[in-house]
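The values are calculated or read from the model by the stated rules, or taken from the named source; none is laboratory data. Predicted, not measured: the structure shown is a model, and the values here were computed from it. Cβ: placed from backbone, ideal geometry, glycine included. Neighbour counts: every protein chain shown. When the accessible area is computed, the model is the full protein with side chains, heavy atoms only, and any ligands, DNA or RNA have been set aside. Shrake-Rupley method; radii C 1.70, N 1.55, O 1.52, S 1.80 Å.
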Amino acid sequence: MAGDWGRWTIAVLPPALPAAGDKTVKRALIVLLIAVVVAEQAWLLAPLVKSWIFPPREDAAAAGRRVAESLGCFSCHGPGGSGGIKNPGGRDGVIPALSGGEMMMWASSESELRELILYGRKLADEPEERSGYAAGQGTGRAIVMPAFEPHIGAGELELLIAYLGANSGLQFPSEKPAAAGLELVHELGCFRCHGPMGTGGVANPGSLKGYVPGFWGQDYAELVADRAELRQWIANGISDRFRDNPLAGMVIERQAVKMPAYGEFLSEKEIDTLIASIEWLAAAHWRDMPVP
Ligand code: HEC
Ligand code: HEC
């Protein structure tokens, strides 16, 4: 009787819906299921394989920016440490920026910078309450720099210092064209996409590594083979070598943020100074310059 029922059900169901009782159909479904599971696993593994073939490379300064974000530094010091947040009663009425040379007015050495972060003040200054309900009260200003010592994990202070150094805007080359170029780099906002001093790591969905490359290390060496290619990147937003490579071209087309083509907006001379400054950044001498 049950068998008859089964046959009757098959007769009224549309032919596309297979009867689960049929052995060959069942086997086909199992094969399909296995195929789906295998494909799904491969899909899940793809990012792992990709990061193995194209390893992401992170500069200490880029890691330090993430630490600064996680510690809430930008809630007071503004996006990217650009300042501008009001502080009634404070110096100039605002919380100082972490960029544009302002650090020099507060700390005169790297060890003072460490003290500011750990204790909210230079140790030579008078102690003030920097935590709890009473934080800042009696200091004549609404907001004080907190003492971060209890909140900073192992190694994070070093990363913060690397970030603050790169973000300070205090390091400049002594050669004229490169110095003029670096002014222009600051002015055009190249570091907004390429990270402070071109240390990279700013998010870029759909790109090969998930971030905008910097002007340092292996990533840079792979993207820029020589001065001619550097000029192509700046003027055309892409190098001839990458445009002519179908696979690379596809990835670059797909990414959310693209390198702007500055060629039609800048003079040859301006592009020359940009090239000099990017080459100076890539040579990494700025990393040896003390900050502040
Ligand atoms: C609650 C707001 C607040 C937060 C959060 C904060 N700061 Fe500050 N910071 C200040 C204020 C205000 C000053 C100015 C000194 C003062 O008035 O105490 C300052 C000064 C500084 C200075 C010296 C001046 C300058 O601009 O260079 C540095 C460096 C600094 N902070 C780094 C940091 C870092 C790094 C973090 C995150 C770990 C951080 N701050 C988080 C409020 C804050
Ligand atoms: C809107 C974001 C953005 C801005 C602004 C920007 N770039 Fe780029 N740049 C990119 C992206 C994204 C790439 C990656 C290109 C790729 O893989 O397609 C790139 C690539 C490059 C490269 C190739 C090598 C490398 O390692 O980065 C150079 C050189 C470069 N940019 C220089 C500059 C200069 C100089 C400026 C300022 C005049 C600038 N960029 C401004 C997004 C930007």
Handout entry: Burial ranking of peptide ranges 159-165, 86-92 (average Cβ count within 10 Å, highest at the top)
Key = 159-165, 86-92
Practice task
Check cross-link reach from LYS26 to the lysines: straight Cα distance under 17 Å, and skip same-chain residues fewer than eight apart.
Solution key: none
Problem - Amide proton proximity set for VAL94, modelled H, under 5 Å, gap of 5+ - result: ASN87
Exercise for the section: With the full set of protein chains in place, find how many percent of the accessible area of the chain is carbon and sulfur; take the probe as 1.4 Å. Expected result: 63
Fill in the blank from the handout: Stokes-Einstein D for the chain (10 °C, 1.306 mPa s, Kirkwood Rh from Cα pairs), in µm²/s, comes to 68
Exercise for the section: Return the subset of LYS50/LYS258; LYS50/LYS209; LYS209/LYS258 for which the Cα-Cα distance in this structure is over 18 Å, preserving the input order. Expected result: LYS50/LYS258
Handout entry: Qualifying lysines (Cα of each under 20 Å from Cα of LYS269; at least 8 residues distant if same chain)
Key = LYS176
Handout entry: Length-normalised contact order for the chain - Cα pairs under 8 Å, 6+ apart - percent
Key = 17
Practice task
Work out which helices of the chain, taken as complete DSSP H runs, extend at least 27 Å along their axis over the Cα atoms and score a mean Kyte-Doolittle of -1.0 or more, then list them.
Solution key: 23-53
Handout entry: Model label zone, GLU270; criterion: amide N under 17 Å from point 7 Å along Cα-to-beta-carbon; scope region 170-196
Key = 177-192
Practice task
Provide, in order from the shortest bin, the percent of all Cα-Cα pairs of region 158-292 in each 10 Å bin, continuing until the bin that contains the maximum pair distance.
Solution key: 12, 44, 34, 10, 0
